[in-house]
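Structure, as structure tokens:
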Amino acid sequence: MALRSRAQSFAGGTLARGMARVNARHPWSHNDHFHPWILRNLPDRRRAALDIGCGEGALVASLAPHFTTVVGNDVDPGMLAATRARCSALPNVTVTGEAWAGLPGPFDLVTMVAVLHHLDVPAALTHVASSLAPGGRFLAVGIAPPRSARDHAWDAASILTNPVIGFVKHPRADRSGPRPTPYPVVEPTLALDDLRRHVEDVMPGARVRHRLAFRHTVAWTRPA
């Protein structure tokens, strides 16, 4: 991720260290930031939802009031335990570590937040498409390395707006210092233009868009 690497080395790293201090004092979750986008784009029919790579279960809990049943799925035992604890009072939520591609559907909503780059993308998209009910919706938030000029422009905008969003979301300074992420971290390798081609092959008409916060979104509704 060339632009971020250059920013880290600029002026001997002084700028990067300063930005890191600001971000640590005003922390915010780049992934949770997109949960409202998902909630604004729910399908009309809301019987069953599946969140793949549910992490600590924040999105699962947010989806529960809107669907008859919600399934949270993750491969990490710690994340499964956190989701079960968060959703223990939600009787319509099931949390499972089983292979998500084999879960019984169909689903009216399938979500992934910072998950798709961990997977075999063509196979994952194909499984998602087949698991959706007619009219069901796939909503994903993803990460991709910048390759094109447009990618780098969005990266630059994300670098500049990151502390601003932090101030808005977390105005009171947190002086406890940087905290390690609880999630497994895998660097993405598939550029957004390449991802878009995979998506179009499996999900014709899907909307793949750049977003701030070093993210992109994918939205597709299975034809009725």
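Testing Ala153 on (1) among the hydrophobic types (A, V, I, L, M, F, W, C); (2) crowded, with 20+ Cβ neighbours inside 10 Å; (3) closer than 15 Å to Arg209 by Cβ, one condition comes back false. Which one is that?
It fails just one condition, (2).
Scan segment 74-94 residue by residue and report those that are in contact with a strand residue (DSSP E or B) (Cβ under 6 Å, 6 or more places away or on another chain) and either in contact (Cβ under 8 Å) with a residue 60 or more places away in the chain or crowded, with 24+ Cβ neighbours inside 10 Å (or both).
Hits for segment 74-94 are Thr83, Val93.
Can you pull out every residue in segment 191-211 that is touching a residue at least 12 places away in the same chain (Cβ under 8 Å), surrounded by fewer than 17 Cβ atoms within 10 Å (Cβ to Cβ) and not in a helix (DSSP H, G or I)?
The answer is Ala191, Gly205, Arg207.
Can you tell me which residue within segment 123-142, out of those that are in contact with a strand residue (DSSP E or B) (Cβ under 7 Å, 6 or more places away or on another chain) and surrounded by fewer than 21 Cβ atoms within 10 Å (Cβ to Cβ), is nearest to Ala101 (Cα to Cα)?
Ala133
Would you confirm whether or not segment 165-186 contains a residue that is modelled with pLDDT of 85 or more, surrounded by 13 or more Cβ atoms within 10 Å (Cβ to Cβ) and either touching a Pro at 6+ places or on another chain (Cβ under 7 Å) or assigned to a helix (DSSP H, G or I) (or both)?
no
Which of the residues belonging to segment 112-124 are among the hydrophobic types (A, V, I, L, M, F, W, C) and touching a His at 6+ places or on another chain (Cβ under 6 Å)?
Within segment 112-124, Val121 is the sole residue that qualifies.
Checking the condition in contact with a Gly (Cβ under 7 Å, 6 or more places away or on another chain) and of a type in the set (A, V, I, L, M, F, W, C), which residue from Val75, Val71 passes?
Matching residue, one of Val75, Val71: Val75.
Just to be sure, is Ala58 modelled with pLDDT of 95 or more and touching a Ser or Thr at 6+ places or on another chain (Cβ under 6 Å)?
no
If you scan segment 54-73, which residues turn out to be surrounded by fewer than 17 Cβ atoms within 10 Å (Cβ to Cβ) and in contact with a His (Cβ under 8 Å, 6 or more places away or on another chain)?
Ser62, the sole residue that qualifies.
Quick test of your reading of the structure: Val113 fulfils all but one of (1) under 19 Å from Met203 (Cβ atoms); (2) β-branched (Val, Ile, Thr); (3) surrounded by fewer than 24 Cβ atoms within 10 Å (Cβ to Cβ). Name the failing condition by number.
Condition (3) is where Val113 drops out.
Quick one: which residue in Ala213, Ala191, Ala206, Ala224 is under 15 Å from the mean Cα position of the chain (by Cα) and small (Gly, Ala, Ser)?
None of the other options fit; the residue is Ala213.
The values are calculated or read from the model by the stated rules, or taken from the named source; none is laboratory data. Quick caveat, the model's predicted, so the values are computed rather than measured. Note that we place each Cβ from the backbone using ideal geometry, even for glycine, and neighbour counts take in every protein chain shown.
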